[in-house]
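Comments concern the structure below.
Values in this text are rule-based calculations from the coordinates and carry no lab data. Owing to the predicted nature of the structure, the values given are computational and were not obtained by experimental measurement. All Cβ positions, glycine included, derive from the backbone under ideal geometry; neighbour counts span all protein chains shown.
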Amino acid sequence: MLKKLWKALKIERLMKSKLLKTIMETERLTLREFDDSDSIHMYQLNADPDVIRYTGDPAFVSVEEAEAFLKNYEDYRKNGFGRWAVILKATGEFLGFCGLKFNELELVDLGFRFSKKHWNQGYATESARACLEYGFRKLDLEEIIGRAAKENTASIRVLEKLGMRYWKDAPCKGIPNSAYYRIGKGDFFKT
């Protein structure tokens, strides 16, 4: 009985993720706009000190604060793109987020964040590659950057796997020691 209930819940979650605005899909993943129902997941994601160690972002103090953040997230409306929830197609599970952002330097940057239990499974690379393709094909961007604290070697490896090239060192959101990477449309389609 419990097993059937769990399966029904997983299917319901999967159906719900399909009803929300899906931006793109990969072999294993669906990337969709955030929804208020993601509040608990965003709270849990940012509550893990290992997950936010290199981000410069504070943890949400409550689920309600995460909900307010999502309700006030205006990137989709303002820019036509933003960070997107990453959902595992097979189960409907929220893994984290990935997407593009028009940042404070007036550049489009690629960003991703995943729950620790989903690290080292290729989800960041898979979703980030899809976001780059979306940015170059659908949004007709000429260049996309990526930024990571120099100590965050895992994220830097993802950027390099995507074909991004080191550009410079500079502060980023309160992290004084960040590495900036970038890739142009032509270089992306060569890889």
Legend entry - the stretch 144-159, subset touching a strand residue (DSSP E or B) at 6+ places or on another chain (Cβ under 8 Å) and exposed (fewer than 15 other Cβ atoms within 10 Å of the Cβ), residue nearest to residue 78 (Cα to Cα): 150
Inset, instruction - Report yes if residue 110 is assigned to a strand (DSSP E or B), among the aliphatic types (A, V, I, L, M) and under 13 Å from the mean Cα position of the chain (by Cα), otherwise no. - result: yes
Inset, instruction - Confirm whether residue 127 is among the polar types (S, T, N, Q), crowded, with 19+ Cβ neighbours inside 10 Å and out of contact with any helix residue (DSSP H, G or I) (no Cβ under 6 Å at 6 or more places or on another chain). - result: yes
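I'd like the residue in the stretch 65-90 that is surrounded by fewer than 13 Cβ atoms within 10 Å (Cβ to Cβ) and touching a residue at least 24 places away in the same chain (Cβ under 8 Å) and, out of all such residues, is farthest from residue 140 (Cα to Cα). Lay out the reasoning, then the answer.
At the first step, the residues of the stretch 65-90 found to be surrounded by fewer than 13 Cβ atoms within 10 Å (Cβ to Cβ) are 71-72, 74, 77-78, 80, 90.
Next, from what is left, pick out any that are touching a residue at least 24 places away in the same chain (Cβ under 8 Å): 71, 78, 80, 90.
Working: 71: 28, 78: 17, 80: 12, 90: 31 Å.
Result: 90.
Is it true that residue 102 is surrounded by 14 or more Cβ atoms within 10 Å (Cβ to Cβ), of a type outside the set (Asp, Glu) and under 13 Å from the mean Cα position of the chain (by Cα)?
Working: surrounded by 14 or more Cβ atoms within 10 Å (Cβ to Cβ): yes; of a type outside the set (Asp, Glu): yes; under 13 Å from the mean Cα position of the chain (by Cα): no.
No; evaluated as a whole, the condition is false for this residue.
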Inset, instruction - All but one of (1) over 27 Å from residue 138 (Cβ atoms); (2) not in a loop (DSSP other than H, G, I, E, B) hold for residue 31, so report the exception by its number. - result: (1)
Inset, instruction - Just name the residue that is farthest from residue 119 (Cα to Cα) out of those in the stretch 138-183 that are part of a helix (DSSP H, G or I) and basic (Lys, Arg). - result: 161
